[in-house]
Amino acid sequence: MRQFVVGKLNDAESVAIEAHLFGCDACNQSLNSVSLTDSFTELVRGQSLGTTDPIVPTHIDGYEIIGELGRGGMGVVYKAFDQRLKRQVALKVILNGELAHTEQRERLRLEAETIATLQHPGIVQIYQIGEYQGHLYLALELLDAKGLQQVMDDAPHCPMWSAALIQQLADIIHYSHQRGIIHRDLKPENILFNHALDQGLPRISQFSSLKNTAPVVKITDFGLAKYLETPVKMTKTGLMLGTPHYMSPEQIPDSGEEVSCASDIYALGVILYQLLTGRVPFASSNILEVLKMLRHDDPIAPRQLNPAIPRDLETICLKCLMKKPADRYASAQDLADDLALFLHNEPIRAKPLNLWQRCVKWVRQKPFLASSYSVLLCLYGLHWFAMSVLQLPRHQGMFHTVLTIATAGLAVFFYGLQTILASEKWQRLGLYACMVVTVVAVTGIFICDAAALSAPINVYMYLILGAALIAPNAHIIGLQTLLSLLGYASLLLFAYWFNPVLQVSVEVAIFFMLNIVITGFLTYLLVRRVNSINNL
C-alpha cells in the first residue's frame, strides 16, 4: 500500500491494488482507523519514507533558519533570513534530503516552475529554487499574517464577508486556469492573508458593518498543480491526490471524470460551505466514509445548518458542489461574477434546482427508498388499473383493503429501513429483513385473494428483479429466489389445507416454480456479467 500511495507501482499493479482496497474488508477496517489530518496520500507517504524529520542545518545556502512555520507529508516550511538580499523568506525544504523520493523532488521542481509562470498579486511568489547538501528547497515570499485555517473555527461566519473572500479567490484561480494550471489542492491551509486579522474572521453579528469588505489573500502550495496540456503524466494510475475533505468527486481514482478547472471550483465551494456553516460538506474522520459520501451523497443544504445564509448565496455554493463537473460553473470567472452580483444585491445567474432536479438528487441520495417506493407505486397502480378499468371481480372487497394497508405498511417499513441500510455495520442485516418482510407481506396479501394461485407468480419475479436493482449481489439474488419459492409454496399449502376450491395441478405448480427459478438464475447471471465488466 505504501508503494501504491507514493507512486512506485506500475499502472497495472496500481489498478489491481486499488480494486483490492475497495473490496477487501480487512484492508477497509485497517484504513478506517486512520484519522484525516491533512490528506490520505500525505499520511501514508510520510510513513513510507522512513525518516519524518528532515536534517536541516542552521544555515542553508545563504539562508539563516529562524524557526519552523509548518510541515506536511512532503516538506517542511521554515522562516528564514536571506543574508544576501537582507529579507525574510519562507523556505520550503523537501523531507529526508538525499533520501527523498524522485517524484517528490520532481514535484517540488514542478511547483517552482508553476509559481514562476504565475505573476499575480494573489499568488505567493517564488524567489529561488536550489539544492544544498542534498536538500532541495524553495525560497518563497513570506507572509507574517495567519492563514485561513488558523483563524477558522467551527462556527458560521459573515455570509457577505465569506462571499467576498471566495470571489477574490475565484479571480485568482481564474488567472491560474487561463494559464493552463489547475491547483488541485485548494484548502484553508493554502490560503494566506496579506494582513493580520486581529479579531479573527467576522461573525454573523457583524453582517452589516462588514458588508463591503474583502480581505486580501494569497494562494500558496502548488505542489499538486496540474497543467491542462502536459505531455508527461506525473502520477500513476490509482494515486489519489488532494485532501479528501476538499477533493472533488473526479479526483477519486477511477471516477470516470477528468480532473479539470471544475475541480478547483468544487474546492472553492467546499471552503465557502465551511465558512457559512462552520463545517465541511462531508464531515468524518474516516477516510473511506469521506470518499463514499463524496462519490454518492449530496451535502446538506447550508440553510438547514445556518438559516441566516441568504438563499442566493446557498444556490451559488451548491452549484459549486455539484457532483458532475459540467453542472458546476463553467469557469472560476463565472463564479466570481455571480458572487459580485450577489454582493451588489443583483439577481444571480445560477438558479436553484427545480422540482425534477430535486427528485433526481433525492433518488441518487436514497436509491433504496426510491426504488422500493417505485415498485410499490407500480404494483398498487396496476391493482387500481385492474380494479377500475378492467373491473376484475377479484380486485374488490377484502383483497383491496388488505393490499392498501399492506402497501402503506411497507412504505413506512422501507422508510425506517433506509436508516439501517445507511450503516455499513447493519446493511446486510437490513437487506435480509427487507427481503423477508416483503415476501411475507406479498404471501399474506395473496392468501386473502380468492383468485387462482397463478396471480402472485409475477409479483415474486418482480421481487427478484427488485433485489437485483437494490443490491446487485449474486448472494442476495439467490436468497431472494429461495424466499420467493418458499412464499409460493406457502400459498400452495394454504390452498391445500384451507381452500380446496383453489387446488392447482402438480404440473401447473411445478411450471410456476420453474418460472421463479429461471427468473432468479437469469438475474444472477446478468448481475455476475455486469459486475465482471465493472471490474475490468
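The values are calculated or read from the model by the stated rules, or taken from the named source; none is laboratory data. These numbers were taken from a predicted model, which means no experiment stands behind them. Cβ atoms come from the backbone with ideal geometry, glycine included; neighbour counts cover every protein chain shown.
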Picking from 387, 398, the residue that is of a type in the set (A, V, I, L, M), in contact with a Cys (Cβ under 7 Å, 6 or more places away or on another chain) and modelled with pLDDT under 70 would be 398
Say we look at segment 464-481 and pick out the residues that are surrounded by 20 or more Cβ atoms within 10 Å (Cβ to Cβ) and modelled with pLDDT of 80 or more; which of these is nearest to residue 496 (Cα to Cα)? 481
Segment 26-115: strands (runs of 3 or more DSSP E) wholly inside it with 1 or more residues that are at pLDDT 75 or above and in contact with a Gly (Cβ under 7 Å, 6 or more places away or on another chain) are 75-82, 87-94
Which of the helices (runs of 4 or more DSSP H) contained wholly in segment 276-329 include at least 1 residues that are modelled with pLDDT of 90 or more and either basic (Lys, Arg) or over 21 Å from residue 244 (Cα atoms) (or both)? 302-305, 311-320
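Which one of 309, 265, 271 is closer than 23 Å to residue 219 by Cβ and either touching a Cys at 6+ places or on another chain (Cβ under 9 Å) or among the aromatic types (Phe, Trp, Tyr) (or both)?
Going through 309, 265, 271 in turn, the sole match is 265.
For segment 344-359, state whether one or more residues are assigned to a helix (DSSP H, G or I) and at pLDDT below 75.
To start, the set of residues in segment 344-359 that are assigned to a helix (DSSP H, G or I) comprises 355-359.
Filter again for at pLDDT below 75, leaving 357-358.
Scanning segment 344-359 turns up at least one residue that is assigned to a helix (DSSP H, G or I) and at pLDDT below 75.
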I'd like the residue in segment 489-523 that is at pLDDT below 85 and among the aromatic types (Phe, Trp, Tyr) and, out of all such residues, is nearest to the chain's Cα centre (by Cα). 512
Sort out which residues of segment 174-206 are at pLDDT below 90, part of a loop (DSSP other than H, G, I, E, B) and crowded, with 16+ Cβ neighbours inside 10 Å, and write them in order of number. 184, 185, 201, 202
Give just the number: which of (1) of a type outside the set (Val, Ile, Thr); (2) in contact with a helix residue (DSSP H, G or I) (Cβ under 6 Å, 6 or more places away or on another chain); (3) within 15 Å of residue 263 (Cβ to Cβ) does residue 330 not satisfy? (2)
Cβ pairs under 8 Å, 6+ apart, first in segment 184-204 and farther than 13 Å from residue 152 by Cα, second basic (Lys, Arg) and modelled with pLDDT of 65 or more: 184/226; 194/218; 196/146
Could you list all residues from segment 127-141 that are modelled with pLDDT of 85 or more and buried (at least 21 other Cβ atoms within 10 Å of the Cβ)? 137, 138, 139, 140
Which residue is surrounded by the most Cβ atoms within 10 Å (Cβ to Cβ), if the candidates are limited to segment 305-350 and must be more than 28 Å from residue 371 (Cα to Cα) and among the charged types (D, E, K, R)? 338
Residue check: is residue 313 over 13 Å from the mean Cα position of the chain (by Cα), within 17 Å of residue 158 (Cα to Cα) and not polar (S, T, N, Q)? yes
